[in-house]
Amino acid sequence: MIITLIVTWIVFIILWKLLKATVSTALTLAVILVLLNISFGITPQDIWHYVTQFAQNLSQIQTGK
């Protein structure tokens, strides 16, 4: 019984830290996106387009085309 409680507590702590890190990262990204949109008029779609173009350029460089 005690072992079960200890394992449950450890799993709970790990999940809590994971949730905290995920929420922190999501909020940070949201703040950055809002600031970019307000300051420079850059939308999330613009950023996503740049990221996909960058990935395509990297794959073309690796294949040598």
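The values are calculated or read from the model by the stated rules, or taken from the named source; none is laboratory data. Owing to the predicted nature of the structure, the values given are computational and were not obtained by experimental measurement. Here the Cβ is made from the backbone with ideal geometry for all residues, glycine too, and neighbour counts use every protein chain on show. Surface accessibility is based on the protein's heavy atoms, side chains included, excluding ligands, DNA and RNA. Shrake-Rupley method; radii C 1.70, N 1.55, O 1.52, S 1.80 Å.
Quickly run through region 35-45 and pick out the residues that are open to solvent by less than 80 Å² (accessible area, probe 1.4 Å) and not small (Gly, Ala, Ser). Result: Leu36, Asn37, Ile42, Thr43, Pro44.
Number of residues in region 23-58 that are touching a helix residue (DSSP H, G or I) at 6+ places or on another chain (Cβ under 6 Å) and part of a helix (DSSP H, G or I) equals 2. Within region 2-22, does at least one residue satisfy the condition of being in a loop (DSSP other than H, G, I, E, B) and either on the phi < 0 side of the Ramachandran plot or modelled with pLDDT under 95 (or both)? Within region 2-22, not a single residue is in a loop (DSSP other than H, G, I, E, B) and either on the phi < 0 side of the Ramachandran plot or modelled with pLDDT under 95 (or both). Is it true that Ile61 is exposed (fewer than 10 other Cβ atoms within 10 Å of the Cβ) and part of a helix (DSSP H, G or I)? Judged against the criteria, Ile61 is a match.
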